[in-house]
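Engineer: Please find one structure pasted underneath; my questions will follow.
The values are calculated or read from the model by the stated rules, or taken from the named source; none is laboratory data. Predicted model only: the values in this text are computed from it and were never measured. Neighbour counts are summed over all protein chains in view; Cβ atoms, including those assigned to glycine, are modelled from backbone coordinates with ideal geometry.
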């Protein structure tokens, strides 16, 4: 059986190349010597999860995605604790907002997001981008640095409480610019009348 030559477009550089086999990449764009898209793709950069990327006629280099993934796996117990507290606190703040303020269809966005990456407009609560929230978590972390850490749920509630207090102060400060502002409206907010 004689193989026929095919003209294909390289998925890497989009140049046309001639092949006898059904390659996905031209010879120059082969990743780690592989010209096919890996069906068991363990990493979208190096393809095989080896942690190295090698192109023809260039030195091999470390895979950035594998490095970031493995670096995330090497978090200390304390770093993992604070990451979990962060996510729990964001969820608690989100629940407080959506349960008490009419914010229909407001989503909690916890992952890094850039508009260019997603071809849609995304609206929601981006607490991980709020400087005050990030500063508050950093302050809490430094306050508890040398002490035994409480339950994650308790720490998330503490972060939520301090964040809401900071938010209320900012709201009252902004409301004080209104002509009908009366400080006495906000003096007994915790009393049950």
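Engineer: All but one of (1) in a loop (DSSP other than H, G, I, E, B); (2) modelled with pLDDT under 75 hold for residue 69; which doesn't?
Structural biologist: Here residue 69 meets the rest and fails (1).
Engineer: Given (1) surrounded by 10 or more Cβ atoms within 10 Å (Cβ to Cβ); (2) over 30 Å from residue 76 (Cα atoms); (3) touching a helix residue (DSSP H, G or I) at 6+ places or on another chain (Cβ under 9 Å); (4) at pLDDT below 90, identify the lone condition not met by residue 122.
Structural biologist: Just one mismatch for residue 122, condition (3).
Engineer: Further, regarding this structure: Do the conditions hold for residue 133, that is, is it under 20 Å from residue 101 (Cβ atoms) and modelled with pLDDT of 90 or more?
Structural biologist: No.
Engineer: Quick one: how many residues across the range 167-183 are surrounded by 14 or more Cβ atoms within 10 Å (Cβ to Cβ) and within 28 Å of the chain's Cα centre (by Cα)?
Structural biologist: 1
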